[in-house]
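In what follows, a structure is listed as structure tokens, so that the remarks can point back to it.
Laboratory data are not the source of any read-out in this text; all were calculated from the coordinates shown. Just so we're clear, the structure is a prediction, and the values are computed from it rather than from any experiment. Note that each Cβ is placed from the backbone with ideal geometry, even for glycine, and that neighbours are counted across all protein chains shown.
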Amino acid sequence: MLWVPTILIALGILLIFVEILILPGFGAAGVPGIILLIVGFWMIWSKSGVTTALIYASVALIFVIPIAIFGLSLIRESPIGKTFILSAAQRSEEGFQAAPEELTALVGKSGKSVTPLRPAGVALINGQRVDIVTQGEFVEPETEIEVIQVEGSRVVVRSL
């Protein structure tokens, strides 16, 4: 009977899909999937030849793809699937904020360092205290500085 090796091939393909799409790393489902694929292919090949083995493997692949797509859609909605999928989102209503607009407006402005910058510290820029960082150099207090870039809430300066 050639349906047993065809089922082995289909299970092997399905396990390889699971390894690629769901499980991280390699081995848990991939190795058994490859073994089942090889054993099923060899069983058909030894009885009927390579051409027949390729035909049965193709038929198994054609049937496995819709089953895998349907199965993945069911897994996403199941309680087990929801443990694998991140449902959290970062929204401004919940506290997530991009770079404040007042910080992005500081690019190109100059000020004076209040504390030593090793490389982080505090400066007065446009009359407001701002936490800043240099590009790695040490800057003494009361040194003129210029804002060269803002990345999120990180303000990068250089000494003048």
Binned at 10 Å from zero, the C-alpha pair distances of the range 3-84 give percents of 20, 43, 27, 8, 2
In the chain, taking the dipole from +1 charges on Lys and Arg beta carbons and -1 charges on Asp and Glu beta carbons about the Cα centre, the listed residue (Leu21, Val156, Leu8) farthest towards the positive end is Leu8
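How do Leu14, Leu54 rank when sorted from fewest to most other Cβ atoms within 10 Å of their own Cβ? Could the numbers behind the result be given before it?
On the way: Leu14 21, Leu54 13.
With the sparsest Cβ surroundings first, the list reads Leu54, Leu14.
Given +1 on the Cβ of Lys and Arg, -1 on the Cβ of Asp and Glu, and no further charges, what dipole in debye does the range 104-143 carry about its Cα centre, rounded to the nearest 20? Write down the numbers at each step before the final one.
On the way: 4 positive and 4 negative charges, 27 e Å.
In debye, rounded to 20, the range 104-143 gives about 120.
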Given unit charges at Cβ for Lys, Arg (+) and Asp, Glu (-), the dipole magnitude of the chain about its Cα centre in debye, nearest 20, is 700
Log10 I(q)/I(0) at q = 0.18, 0.19 Å⁻¹ for the chain, from Debye over equal alpha-carbon scatterers, is -1.00, -1.06
Calculated from DSSP helices alone, with each H run of at least 4 adding -39500 (n - 2.57) and the total divided by the residues of the chain, [θ]222 nm to the nearest 500 comes to -15500 deg cm²/dmol
Per its Cα gyration tensor (rounded if a/c is under 1.5, else prolate when a/b beats b/c, else oblate), the range 99-159 is best filed as prolate
